[in-house]
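Take a look at the structure set out below.
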Amino acid sequence: ETNTGWQEVGGTLSGDVNWPNSARIAVTNTLTIPAGSTLTVGEAAIVRLSPGADIIVNGRLMVEGKIDFSTDTAWPVSFVASQRDRPWGGFIVRGSGAQVTARGAFFTGSGANPRWFDENSGYDVHRSEQALFLIDGGRVELTDCYAFDGHGQFGHGKNGFLTLTRCLVRKFITGGEYNGGSVRIDQSALIEFPADDEVFDDAD
């Protein structure tokens, strides 16, 4: 693309918000979807996040990308770092009504805070690095999604619910720890943690 026009967003959304197909969104600071609000992201949108920026989901996030394996066509939604060497944060999905439902999406470059769990109490963890998906009482359902090259962990659950269907999760420090709730993995692959090498470290 040449002369891409980015719509800058940040802060707290209000009501139901739609980012249309092929939108170019620059999240300049932490974005909050409050309870009772829904953010819908259309196919082929690119969401570029500034260093350290989080997406806090207390309401609903609906990601409507498309990956059709039968016809080899794809219009994924992409969540990427605005600067390749400076990661963004992650999704904080908090509350019984909080929900992320994503289909046909790429997630890469997350995990900005290596001491996130040291600085945020109330979680039982073995490691301190920030997770791409922190699920605290909420739900995350990913279908035909790819999460890769994270600087932190893939996930963490506290009485939360995670479902992966036909997903690839690749190159995070760990897959995360999940206490309470449930994890369902169907026709998915979790590989190269934290990297593809011959060393196997059987330890927390």
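Within the stretch 131-154, the only residue that satisfies the criterion of being open to solvent by less than 10 Å² (accessible area, probe 1.4 Å), within 16 Å of T174 (Cβ to Cβ) and more than 11 Å from the chain's Cα centre (by Cα) is G152. Restricted to the stretch 170-204, and to residues that are in contact with a Ser or Thr (Cβ under 8 Å, 6 or more places away or on another chain) and under 16 Å from R127 (Cβ atoms), which residue is modelled with the lowest pLDDT? Looking at residues that are in contact with a Ser or Thr (Cβ under 8 Å, 6 or more places away or on another chain) and under 16 Å from R127 (Cβ atoms), I get P194.
When residues in the stretch 9-20 are screened for being at negative phi and either outside any strand (DSSP E or B) or open to solvent by 40 Å² or more (accessible area, probe 1.4 Å) (or both), 6 of them pass. The set of residues in the stretch 155-176 being open to solvent by less than 10 Å² (accessible area, probe 1.4 Å) and more than 13 Å from F106 (Cα to Cα) consists of G155, H156, G157, G160, L162, L164, F172.
The values are calculated or read from the model by the stated rules, or taken from the named source; none is laboratory data. Since the structure is predicted, the reported quantities are computational estimates derived from the model, not experimental observations. Note: ideal-geometry Cβ built from the backbone for every residue, glycine included; neighbour counts use all protein chains shown. We work out accessible area using only protein heavy atoms, side chains counted, and drop any ligands, DNA or RNA first. Shrake-Rupley method; radii C 1.70, N 1.55, O 1.52, S 1.80 Å.
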